[in-house]
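Here it is, the structure, as structure tokens.
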Amino acid sequence: MLNRDQKTPQPIVSKNYYAALSEEILSTAKLGKDTTSLRRQLYYIRHTKIEKSLDTDALKKTFWINIYNAFYLIILNETRRHYVSS
């Protein structure tokens with residue numbers, strides 16, 4: 001999105017900790033690496049903190065879409081490993 005005074009696009013979603021964490025989980029899952037420590041961080045976050053921090057629709061969408069896609073990949077990878085080792 002461009003402002004009148006800008007010549008380069010600015011990100012629609014400003015970074016915050018929870019959006020960055022969801023991005024990191026997704027990136028790690030895409031690479032097929034272990035996401036246990038990142039998922040542990042997510043597990044210990046109080047939902048009230050997430051609700052307060054994700055204060056725009058763009059941040060909420062970014063966070064939840066990243067989490068959804070990451071867990072899809074995590075489950076897919078774990079299922080593949082299970083069937084390969086069987």
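The values are calculated or read from the model by the stated rules, or taken from the named source; none is laboratory data. Please read these numbers as outputs of a predicted model, since none were measured by experiment. With ideal geometry, Cβ positions are generated from the backbone for all residues, glycine too; neighbour counts draw on all protein chains shown. The accessibility values were calculated without ligands, DNA or RNA, using every heavy atom of the protein model including side chains. Shrake-Rupley method; radii C 1.70, N 1.55, O 1.52, S 1.80 Å.
Counting only residues that are at pLDDT below 95 and over 20 Å from Leu76 (Cβ atoms), how many does segment 23-42 have?
Number satisfying all stated conditions: 0.
Now a separate question. Considering only segment 32-64, state which residues are open to solvent by 100 Å² or more (accessible area, probe 1.4 Å) and not basic (Lys, Arg). Before the answer, list the steps.
First, pick out the residues of segment 32-64 that are open to solvent by 100 Å² or more (accessible area, probe 1.4 Å): 33-34, 40, 43-44, 46-47, 49, 51-52, 55, 57, 61, 64.
Across segment 32-64, the qualifying residues are Asp34, Tyr43, Tyr44, His47, Glu51, Asp55, Asp57, Trp64.
Whether any residue in segment 7-22 is among the charged types (D, E, K, R) and modelled with pLDDT of 95 or more is what I want to check.
First pass over segment 7-22, keeping only residues among the charged types (D, E, K, R): 7, 15.
Going one step further and asking which of them are modelled with pLDDT of 95 or more, we end up with none.
No.
Do you know which residues across segment 26-48 are outside any loop (DSSP other than H, G, I, E, B) and touching a helix residue (DSSP H, G or I) at 6+ places or on another chain (Cβ under 8 Å)? Please lay out each step first, then the result.
At the first step, the residues of segment 26-48 found to be outside any loop (DSSP other than H, G, I, E, B) are 26-30, 36-43, 47-48.
Passing the criteria: Leu26, Thr28, Ala29, Lys30, Leu38, Arg39, Gln41, Leu42.
Pick from segment 69-86 the residues that are open to solvent by 100 Å² or more (accessible area, probe 1.4 Å) and either touching a helix residue (DSSP H, G or I) at 6+ places or on another chain (Cβ under 9 Å) or among the small types (Gly, Ala, Ser) (or both): which of them is farthest from Lys15 (Cα to Cα)?
So the residue we want is Ser86.
Another question, then. Restricting the search to segment 49-60, which residues are within 13 Å of Asn16 (Cα to Cα) and assigned to a helix (DSSP H, G or I)? Explain how you work it out, then say what you get.
The first filter runs over segment 49-60 and keeps only residues within 13 Å of Asn16 (Cα to Cα), leaving 49-56, 58-60.
Within segment 49-60, Lys49, Ile50, Glu51, Lys52, Ser53, Ala58, Leu59, Lys60 meet the criteria.
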